[in-house]
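One structure is given below, encoded as structure tokens.
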Amino acid sequence: MQKIKAIKVWEFPIRVIHWTNFVSVVGLSITGAYIHFPFLSTANNPDAFVMGYARAIHLSLGWLLMLGVIGRVLWGVIGNRFARLRNFLPFTYPEGRENLVDVVKYYTFASPRPKATLGHNAMASLAYLSIGLIMVFQVVSGFALYSQADPAGTAYSLFGWVFGFMNNGYLRLAHYFSMFIFASFFITHIYAMWMSDVAERNGSGGSMFNGYKYGDPDSKI
Amino acid sequence: MSKDESVWTEASLEEYLESRGVSRRGFLGFMTTVAATLALPVSFAEKAAAAVTADNRPPVVWMEYQDCAGDSESLLRASRPSVGDLILNYLSVDYHETIMAAAGHQAEEALENTLTKYKGKYIAVVEGSIPVNKDGIYCMVGGRTALSSAKEVCGNAAAVIAVGTCAAFGGIAAGEPNPTGAKGVMDVIKGVPIINLPGCPMNVVNLTATIVHFLTFGTLPPTDRYKRPLFAYGKRIHDNCERRAHFDQGQYVEAWGDSGHRQGWCLYKMGCKGPSTFHNCPTVRWNDGISWPVQAGHGCVGCSEPGFWDTMGPFYDRLPDVPGFGADVTATKVGLGLTAAAAVGVAVHGVAKTMQLKASGGDKE
């Protein structure tokens with residue numbers, strides 16, 4: 001344990017993208033829930049534009065989420081070793097597979113603590129891979145639904161192919177239902193972050209603010 | 001349409017219309033409307049009028065398969081015949097099971113004559129879905145399956161117009177579990193120009209406009225990915241809806257007959273499918289432009305979309321039910337259940353993990 005050091009794990013762009021994704025997902029969920037079920041009534045206000053604003057915010061945050069997804073993939077190519085896209089596929093390399101077994105043991109109470117890792121542990125990587133793919137789906141389906149306002153437009157020519165795979169009704173259903181997957185992920189994510197901070201004491205709790213975690217600089221993961 | 005005497009005399013379209021009280025001015029006025037429906041400049045009205053009145057216009061055969069004759073009803077209407085109806089009437093419809101005078105062998109003979117005499121030149125209008133299960137025995141007309149009849153009639157046509165959602169996408173007959181294997185025409189017939197005019201029923205204005213386009217230009221109008229003509233299905237109901245301002249404003253009908261409903265507010269919360277349905281109902285309306293469902297106070301049911309019956313329903317909910325969870329299980333119920341399960345799961349896990357960490361003597365490290 002003499003080798004423990006503070007190591008810059010999450011570079012600035014990763015942290016910025018994490019928080020823009022957080023802001024966009026929360027904002028998209030609130031406005032999206034309103035668009036699905038308009039719970040605010042503006043019966044007596046002739047100047048109201050509630051749904052109009054909800055949709056404007058939803059669409060703007062959709063752009064932000066799209067930029068976040070693109071930025072994250074880009075940083076997965078040019079960023080440091082903890083940011084690389086390879087990290088999201090832990091089953092493709094030996095240390096990842098080993099770590100996956102170790103983390104499964106930790107979560108199933110077979111061991112009290114996992115072995116220290118610096119970047120994402122293998123299980124977290126898989127969770128982020130899934131949520132990342134759902135973000136991609138939300139961006140694509142969202143822009144596809146938006147593009148329906150003008151089937152002759154650019155957006156429809158870019159995203160209209162989605163309707164070749166899924167019809168209108170189910171695409172809307174999937175786009176709405178994904179909000180609950182984000183909500184479930186949010187709860188699990190906060191819990192896993194807190195619990196691993198307690199169990200590992202490696203500073204993961206604050207690492208998304210300052211970028212530093214504590215551990216063995218030679219750790220592969 | 002029917003073997004009406006005035007049609008079968010050699011009268012020109014103008015004379016025929018004249019005899020029904022429609023002046024040339026009225027006829028050109030109507031052609032202007034059709035040109036506008038097709039989003040063509042007014043100058044095309046005259047060209048279209050010339051094409052419609054030309055002597056070499058192709059005959060039309062109207063085939064009914066697994067259908068309710070609703071599109072034929074839409075064509076006939078109970079109100080006075082419009083100019084459009086008269087024009088369709090004049091386009092010698094050589095075969096139409098519901099309304100032709102001939103029956104039995106005579107009727108089949110009429111069809112056979114048209115198919116041989118005008119091979120590759122006539123327009124086939126198809127109403128109803130085509131069942132394919134068990135070699136198509138679920139729909140037999142004149143001793144033949146709909147499938148073999150459609151292959152012959154549509155396969156030799158200059159163009160096929162599938163009217164109604166059943167002929168376009170399978171429609172109600174193709175709803176889960178689809179026992180007859182009902183399919184739309186485009187899924188069964190290949191190699192012939194096919195255009196879909198879905199809707200339950202289709203709007204006769206769009207049928208007239210499509211035929212006029214075909215007569216004028218010799219081609220079917222441009223279509224979207226579902227082979228629906230863009231002039232009629234290029235815009236969403238929602239984007240042309242007269243209640244749209246109430247949607248943006250946040251004023252919704254909450255219950256049938258409430259004050260919002262009486263004031264004509266948006267029917268979004270009552271399950272209106274206008275936001276996901278492409279059709280020109282708000283602009284051309286129905287029954288000679290008198291009204292259309294949303295104007296009459298009921299939400300759109302999405303009848304002209306693929307997936308109408310299974311995935312465009314339920315009528316009074318925003319979204320379809322989650323597949324695999326049984327009836328009336330909404331995405332909200334499943335989603336809240338998932339979220340609650342995640343919350344309970346992490347709470348239980350957290351308590352257990354904390355106890356395990358304590359027991360393992362974590363604090364001593």
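The values are calculated or read from the model by the stated rules, or taken from the named source; none is laboratory data. What you are looking at is a predicted structure, and each value in this text was computed from that prediction instead of being measured. Here Cβ is always computed from backbone atoms with ideal geometry, including for glycine, and neighbour counts include all displayed protein chains.
For this structure, a couple of remarks:
- Once the range B:67-96 is narrowed to residues that are crowded, with 17+ Cβ neighbours inside 10 Å and among the acidic types (Asp, Glu), the residue that is modelled with the lowest pLDDT is B:85.
Residue-by-condition table, conditions (1) under 26 Å from residue A:102 (Cα atoms); (2) within 14 Å of chain B (Cβ to nearest Cβ):
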| position | (1), (2) |
| --- | --- |
| A:162 | no, yes |
| A:172 | no, yes |
| A:175 | no, yes |
| A:180 | no, yes |
| A:193 | yes, yes |
| A:201 | yes, yes |
| A:207 | yes, no |
| A:214 | yes, yes |
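- The range B:311-326, subset within 22 Å of residue B:170 (Cβ to Cβ) and exposed (fewer than 14 other Cβ atoms within 10 Å of the Cβ), residue nearest to the other protein chains (Cβ to nearest Cβ): B:323
- Qualifying residue in the range B:342-358 (condition: within 11 Å of chain A (Cβ to nearest Cβ), touching a residue at least 60 places away in the same chain (Cβ under 8 Å) and either among the polar types (S, T, N, Q) or touching a helix residue (DSSP H, G or I) at 6+ places or on another chain (Cβ under 6 Å) (or both)): no
- Qualifying position, being touching a Ser or Thr at 6+ places or on another chain (Cβ under 9 Å), modelled with pLDDT of 85 or more, in the same structural domain as residue B:205 (by TED's automatic domain parsing) and charged (D, E, K, R), among B:109, B:127: B:127
- Of the criteria (1) within 20 Å of residue B:166 (Cβ to Cβ); (2) modelled with pLDDT under 95, which one residue B:229 fails: (2)
- Of the residues making up the range B:327-337, none is in contact (Cβ under 8 Å) with a residue 12 or more places away in the chain, of a type outside the set (Lys, Arg), at the interface with another protein chain (Cβ under 9 Å from one of its Cβ atoms) and under 24 Å from residue A:42 (Cβ atoms).
- Condition check for residue B:288 on (1) acidic (Asp, Glu); (2) facing chain A (nearest Cβ under 10 Å); (3) over 16 Å from residue B:198 (Cα atoms): one failure, at (2).
- Residue check for residue A:63: assigned to a helix (DSSP H, G or I), surrounded by fewer than 14 Cβ atoms within 10 Å (Cβ to Cβ) and on the phi < 0 side of the Ramachandran plot: yes
- Condition met for residue B:160 (surrounded by fewer than 20 Cβ atoms within 10 Å (Cβ to Cβ), touching a residue at least 24 places away in the same chain (Cβ under 8 Å) and out of contact with any Asp or Glu (no Cβ under 6 Å at 6 or more places or on another chain)): no
- Checklist (1) within 10 Å of chain A (Cβ to nearest Cβ); (2) surrounded by 19 or more Cβ atoms within 10 Å (Cβ to Cβ); (3) among the aliphatic types (A, V, I, L, M) applied to residue B:301, failing item: (1)
Here's the yes/no breakdown for (1) closer than 30 Å to residue A:56 by Cα; (2) at pLDDT below 95; (3) of a type in the set (A, V, I, L, M):
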site	(1), (2), (3)
B:211	no, yes, yes
B:241	yes, no, no
B:264	yes, yes, no
B:291	no, yes, no
B:300	yes, no, no
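- Residue count, the range B:267-285 (criterion: among the small types (Gly, Ala, Ser), more than 23 Å from residue B:187 (Cβ to Cβ) and either in contact with a His (Cβ under 8 Å, 6 or more places away or on another chain) or facing chain A (nearest Cβ under 8 Å) (or both)): 1
- Residue within the range B:316-331 that is outside any loop (DSSP other than H, G, I, E, B) and at negative phi present: yes
- Residue check for residue B:102: modelled with pLDDT of 80 or more and more than 22 Å from the chain's Cα centre (by Cα): yes
- Residues located in the range A:51-86, provided they are over 25 Å from residue B:330 (Cα atoms) and within 14 Å of another protein chain (Cβ to nearest Cβ): A:52, A:53, A:56, A:57
- Residues considered: B:313, B:337. Of these, the only one that is over 26 Å from residue A:199 (Cβ atoms) and either outside any loop (DSSP other than H, G, I, E, B) or in contact with a strand residue (DSSP E or B) (Cβ under 6 Å, 6 or more places away or on another chain) (or both) is B:337.
- A count restricted to the range B:170-206 and to residues that are touching a residue at least 12 places away in the same chain (Cβ under 8 Å) and closer than 24 Å to residue B:122 by Cβ stands at 22.
- Output for the range B:294-326, where each listed residue is free of Cβ contacts under 8 Å to residues at least 40 places away in the same chain and more than 28 Å from residue B:262 (Cβ to Cβ): B:311, B:320, B:321, B:322, B:323, B:324, B:325, B:326
- Set B:260, B:250, B:234: member being buried (at least 23 other Cβ atoms within 10 Å of the Cβ), within 12 Å of another protein chain (Cβ to nearest Cβ) and of a type outside the set (A, V, I, L, M): B:250
- Test for residue A:31: is it within 14 Å of another protein chain (Cβ to nearest Cβ), farther than 30 Å from residue B:253 by Cα and of a type in the set (S, T, N, Q): no
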